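Down below is the structure, laid out as structure tokens.
The values are calculated or read from the model by the stated rules, or taken from the named source; none is laboratory data. What you are looking at is a predicted structure, and each value in this text was computed from that prediction instead of being measured. Positions of Cβ are generated from backbone atoms using ideal geometry, with glycine treated the same way; all protein chains shown enter the neighbour counts. Protein only, heavy atoms only, side chains kept; ligands, DNA and RNA dropped before computing areas. Shrake-Rupley method; radii C 1.70, N 1.55, O 1.52, S 1.80 Å.
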Amino acid sequence: MGRAFVYVILGGGVSAGYAALEFVKRGVLNGELCIISDEPVAPYERPALSKGFLLPEAAARLPSFHTCVGANEERLTPKWYKEHGVELVLGTEVKSADVKRKTLLTATGETISYKFLIVATGARALKLEEFGVSGSDAENVCYLRNIADANRLVNAIQSSPGGNAVVIGGGYVGMECAASLVINKINVTMVFPEAHCMARLFTPKIASYYEEYYKSRGVNFVKGTVLSSFDFDSDGKVTAVDLRDGSKLSVDMVVVGIGIRPNTSLFEGQLTLEKGGIKVNGMLQSSNSSVYAIGDVAAFPVKAFAETRRLEHVDSARKSAKHAVSAIMEPDKTGEFDYLPFFYSRVFTLSWQFYGDNIGEVVYYGDLSDSSTFGAYWVSKGHLVGAFLEGGTKEEYEAIAKATRVRPAIEDLTELERQGLGFAVTV
Ligand code: FAD
Ligand code: NDP
């Protein structure tokens, strides 16, 4: 049994949705494009899962957040795919790929062949078992990567009114879920191994602003340690978290956000891998010229840093998707992908954006101890390479994005500090 398509997108997440829209905009013909996803629903804006989806009232539910609403573009419902002749193969895992034969084998035993393949398999959440702790299957231990995880988390929240939660991990999932749990009136303790939250992006000073805010909302922090085991009741529910520092925390539920691994296993030994992802060139094309990779799974050249990077954020998923489709359908008119890394988060009433790279010296502006608007610049080798802003307006965010892209020479750090946000606005 088999079917043949000109274009196949493997994976049905954020980047797949944006790629589909771009294919249709560029005039793909009926029956030429197929998306295969092991999720049971059409592509959706994954960031909603840790934010609107977890609200106690008026929570976001599909179909409201199908791609591409996150970029103020069309909302692609299953009907849209049908109307545009895009084959949506849902709830179907691809078990193996053969890039020489240009075929994929699905769990249902179907062989799907392609002329061009876009790998958009994203990533999977790391499990506690990979750190030697068992108990991930307990019904009140929650991860957060897909709709099924989000539904399980909502059930755990609803089963723990006024209860205690431990959030393991001080990264994006940890910070955003902790805020959502507080909004659901659950008492939260965050546990992570680093000295401060968001260790890979935030400086201690920036982290301290957010930690103080979280504390003011009742969140406890246990830093510099990891969990060693769980205690269970006779039903297999976790009742307490045992930490390596010897302490024990009673819990009604646990949320785990300890990082991800890109889903590359289908292509190991077939495509060149780098930085844990599929290595692609400036056209998002892998070491096999018929195979492209986008989103979390792609390791692509970031021109501004003259370095290959793998980014785990929605903006790069959206933009790499568009660029790959352009490179496939109009290669002669498509230049190299020139992407400025952009990360953001929204928690409680706070909201920050970051552009560029967080290397070199840091220059702060605004009053971090008593202000709702503050920021930082990173200066490396005499140039501005990164910018962070909390509580900015649309225009101010655009200004720091532009300034980071331009990479102006910075001679005097004290003068940059004095000018603060005003510097970006005048670049
Ligand atoms: P995904 O969206 O993960 O899609 C991959 C798809 O491939 C999935 O549907 C998966 O099931 C499918 N798949 C994988 N393997 C197979 C297979 N073998 N067969 C069939 N299907 C397969 N980023 C931000 O910038 N801002 C945010 O606020 C933000 N919030 C987030 C909140 C949460 C809870 C999570 C989990 C992520 C968040 N992100 C955020 C990150 C962002 O969602 C990802 O960078 C983005 O989803 C990557 O898109 P992708 O298409 O590469 O992967
Ligand atoms: P992150 O990589 O952001 O953070 C993982 C955190 O867990 C790090 O602080 C990490 O420390 C810590 N950690 C690692 N191992 C352990 C352990 N054994 N015990 C306790 N803590 C541990 O991953 P997340 O899981 O938070 O997020 C998953 C993905 O979702 C990421 O790709 C992220 O970009 C994306 N996401 C993005 C959002 C956004 O952009 N706003 C929002 C939500 C998710 P260390 O750094 O030392 O490894």
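Pair-distance distribution P(r) for the range 1-46, from all Cα-Cα distances in 5 Å bins starting at 0: 5, 22, 31, 23, 15, 5, 1 percent. Looking at the range 196-329, the accessible area is 41 square angstrom per residue; that uses a 1.4 Å probe and ignores ligands, DNA and RNA.
For the range 259-377, pairs of C-alpha atoms spaced more than 17 angstrom apart make up 62 percent of the total.
The range 206-267 and the range 319-389 have Cα centres separated by 28 Å.
Given 25 °C and 0.890 mPa s, compute D for the range 121-225 with the Stokes-Einstein relation, Rh being the Kirkwood radius over Cα pairs; round to the nearest whole µm²/s. Spell out each step's value before the answer.
Details: Rh = 14.5 Å.
In µm²/s, the coefficient is 169.
Computed over the range 211-293, the alpha-carbon pair-distance distribution with 10 angstrom bins reads 13, 27, 17, 19, 21, 2, each value a whole percent. Relative intensity of the range 165-226 on a log10 scale, I(q)/I(0) at q = 0.27 Å⁻¹, equals -1.22, per a Debye sum over C-alpha point scatterers of equal strength in the absence of solvent.
Our summary gives the chain a relative contact order of 13 percent, counting only alpha carbon pairs under 8 angstrom and 6 or more residues apart.
Could you compute the FRET efficiency for Leu126 and Thr225, with r as their C-beta to C-beta distance and R0 at 22 Å, rounded to 0.05? Working from the Cβ atoms, E equals 0.80.
Of the peptides 341-348, 414-421, how do they stack up when ordered by the mean number of other Cβ atoms within 10 Å, highest first?
341-348, 414-421
Checking the table Lys51/Lys95; Lys215/Lys402; Lys25/Lys319; Lys25/Lys275; Lys303/Lys333; Lys25/Lys333 against a 22 Å threshold on Cα-Cα, which pairs fail? Pairs exceeding 22 Å: Lys51/Lys95; Lys215/Lys402; Lys25/Lys275. Over the C-alpha trace of the chain, radius of gyration and Dmax come out as 22.4, 68 angstrom. Out of every Cα-Cα pair that the range 1-140 contains, those further apart than 25 angstrom amount to 35 percent.
Can you list the DSSP H helices in the chain whose Cα atoms extend at least 30 Å along the helix axis and whose mean Kyte-Doolittle hydropathy is -0.5 or higher? It would help to have the intermediate numbers written out before the result.
On the way: long enough: none.
Correct list, ordered by number: empty.
Placing unit charges on the Cβ atoms only, positive for Lys and Arg and negative for Asp and Glu, gives the chain a dipole magnitude near 900 debye about its Cα centre.
Just order 93-102, 288-297, 358-367 by mean Cβ neighbour count inside 10 Å, highest at the front, would you?
Details: 93-102: 14.6, 288-297: 24.8, 358-367: 16.4.
Answer by packing, highest mean first, reads 288-297, 358-367, 93-102.
Projected onto its three principal axes, the C-alpha set of the range 317-391 covers 52, 35, 13 Å, listed from the longest axis down.
Could you quote the convex hull projected area for the range 33-90, Cα atoms only and averaged over all directions, in nm²?
Values: hull surface 17.3 nm².
So the Cα hull casts an average projection of 4.3 nm².
Can you give the FRET efficiency to the nearest 0.05 for Glu411 and Thr272, using r as the Cβ-Cβ distance and R₀ = 56 Å? Could the numbers behind the result be given before it?
Details: r = 41 Å, r/R0 = 0.73.
Efficiency for this residue pair is about 0.85.
Size descriptors for the range 162-279: radius of gyration and Dmax over Cα atoms are 16.8, 51 Å. Its relative contact order, with pairs defined as Cα atoms under 8 Å and 6+ residues apart, puts the range 1-128 at 37 percent.
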